[in-house]
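**Student:** Before we start, here is the structure in question, set down as structure tokens.
The values are calculated or read from the model by the stated rules, or taken from the named source; none is laboratory data. Owing to the predicted nature of the structure, the values given are computational and were not obtained by experimental measurement. Cβ placement follows ideal geometry from the backbone for every residue including glycine, while neighbour counts extend to all protein chains displayed. What goes into the accessible areas is simple: the full protein's heavy atoms, side chains included, and nothing from ligands, DNA or RNA. Shrake-Rupley method; radii C 1.70, N 1.55, O 1.52, S 1.80 Å.
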Amino acid sequence: VASRWNAGWEGTSEVYTAAQVEAVLENSDVEIVGETAEVFTCLCPYHGNTDTAAFAVNKRNGTYICFNPACGRSGNLEGLVMSLQNVGVYQAKRIIMRQRRAGGSSFQDRLKEILADEPLPAFPQDIIYRLHSQLWKTPHALEYMHDRGFEDDTLSYFEVGYSNAYDKRLGRDKDMITVPMHDYQGNPVGLVGRWASHTEKIFRNSDKLPKKETLFNLHRARKVGGTVIIVEATFDAMRIHQAGFPGVVAVLGGHISPWHIAQLNRYFDTVIIMTDYDDWQYYPNCKKCGRKCKGHRPGRDLGNQIVEQLRNKKMRWAVTDEGAVFPREQKDACSITDEEIRTMLRNVIPNFKYQQLPLASRHNPCYN
Ligand SMILES: [Zn+2]
Ligand SMILES: [Zn+2]
């Protein structure tokens with residue numbers, strides 16, 4: 001059983017997305033000068049590297065190395081952030097986590113997404129069943145989900161599972177909640193995983209999860225039709241479903257792809273944005289603002305991107321009132337109560353009105 005499971009997660013040393021690594025490098029003032037499929041090539045921040053890039057950072061696991069023999073620095077992404085930003089290990093972890101939703105994709109990626117029309121590789125349904133049954137037999141995992149506000153019906157409906165299979169990267173067993181992901185027709189294509197812990201924020205997706213080619217819960221939401229609510233994470237979407245709104249999808253990884261836009265266009269006429277309300281992020285040498293970053297809230301940026309790309313739809317934003325997106329200074333839908341979710345969805349406002357509110361982050365340089 002363990003070997004089957006591990007086979008499904010072969011090569012899951014990927015803890016970061018390329019966009020996240022890129023954002024962390026920008027945030028640490030490391031100058032990226034090129035990229036290959038595997039690495040970002042950069043000017044080494046540890047020696048006087050001004051012309052030929054000597055520094056390579058792996059896009060999947062964040063390890064870096066300087067090829068200048070006189071320097072030869074190497075290490076992992078946390079170590080890089082610790083030394084360049086002069087912070088401790090926990091602060092470094094937080095800085096990296098904050099870039100998790102960093103968007104952006106290369107031109108090559110976008111082209112591939114548009115051209116891809118082959119069916120997505122199937123993920124075995126029997127693994128989903130087995131993990132789901134494992135959840136009910138694992139009291140601390142169930143308790144974690146109950147703490148996060150999930151009812152048993154919701155856990156059943158979404159076939160939420162639990163895995164304690166060995167994690168190669170960590171060198172210890174997983175302690176992971178799994179949520180199955182499907183293509184738009186409802187065929188399973190993979191799993192989204194996160195640790196059953198309030199303190200350890202570890203995420204693992206199944207190998208080659210086609211995040212850009214499907215939206216979480218799209219196969220169910222498109223049957224509801226009409227209005228769709230857009231959130232960022234599986235947990236947000238499951239909580240909104242539980243609050244009584246089954247027409248909800250999650251854009252995993254905070255990046256909206258041309259494929260996503262095409263599907264939203266096809267199945268829905270009204271789109272409600274309920275993306276995260278992150279703290280301001282400042283990127284030295286920001287790709288959008290240049291040298292002096294004016295600041296971004298990535299989840300709000302994502303919402304604006306969706307609005308920009310769906311111009312012929314009715315666009316709405318979920319807010320609590322004119323002063324707050326989420327109540328109680330919360331940042332996402334899975335951190336508030338079902339009743340608070342319902343209040344926000346009762347209070348949706350049209351895009352033009354949202355854009356007039358101070359909380360709309362209008363001075364975001366990209367979209368004003
Ligand atoms: Zn160096
Ligand atoms: Zn910026």
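**Student:** Restricting the first residue to region 48-75 and requiring it to be touching a residue at least 12 places away in the same chain (Cβ under 8 Å) and over 27 Å from LYS208 (Cβ atoms), which pairs with a second residue that is within 11 Å of ligand 1 (Cβ to nearest atom) and among the aromatic types (Phe, Trp, Tyr) meet a Cβ separation below 6 Å and a spacing of at least six or different chains?
**Tutor:** ALA54/PHE67; CYS66/PHE55; CYS71/TYR46; ARG73/TYR46
**Student:** Please specify each residue of region 58-79 satisfying the condition of being more than 22 Å from the chain's Cα centre (by Cα) and more than 12 Å from ligand 1 (Cβ to nearest atom).
**Tutor:** GLY79
**Student:** Can you name the residue in region 210-245 that is of a type in the set (D, E, K, R), open to solvent by 30 Å² or more (accessible area, probe 1.4 Å) and in contact (Cβ under 8 Å) with a residue 24 or more places away in the chain and, of all such residues, is nearest to PHE158 (Cα to Cα)?
**Tutor:** In this case the residue turns out to be ARG220.
**Student:** How many residues are within 14 Å of ligand 1 (Cβ to nearest atom), touching a Phe, Trp or Tyr at 6+ places or on another chain (Cβ under 8 Å) and not aliphatic (A, V, I, L, M) when one looks only at region 28-45?
**Tutor:** 4
**Student:** Could you identify the single residue in GLU308, GLU329, GLU322 that is out of contact with any Cys (no Cβ under 6 Å at 6 or more places or on another chain) and under 30 Å from TYR144 (Cβ atoms)?
**Tutor:** The conditions single out GLU329.
**Student:** Are any residues in region 27-56 under 24 Å from the mean Cα position of the chain (by Cα), modelled with pLDDT under 80 and not in a strand (DSSP E or B), and if so, which ones?
**Tutor:** The answer is ASN27, THR36, ALA37.
**Student:** Next question, about the same structure. Can you tell me how many residues in region 112-145 are open to solvent by 80 Å² or more (accessible area, probe 1.4 Å) and either modelled with pLDDT of 95 or more or of a type outside the set (D, E, K, R) (or both)?
**Tutor:** Total satisfying the criteria: 11.
**Student:** I need the full set of residues from region 155-190 which are assigned to a helix (DSSP H, G or I) and over 21 Å from the mean Cα position of the chain (by Cα), in order please.
**Tutor:** Once the filter is applied, which keeps residues that are assigned to a helix (DSSP H, G or I) and over 21 Å from the mean Cα position of the chain (by Cα), region 155-190 yields SER156, TYR157.
**Student:** What about ARG194, is it among the basic types (Lys, Arg) and within 20 Å of ILE336 (Cα to Cα)?
**Tutor:** The answer is yes for ARG194.
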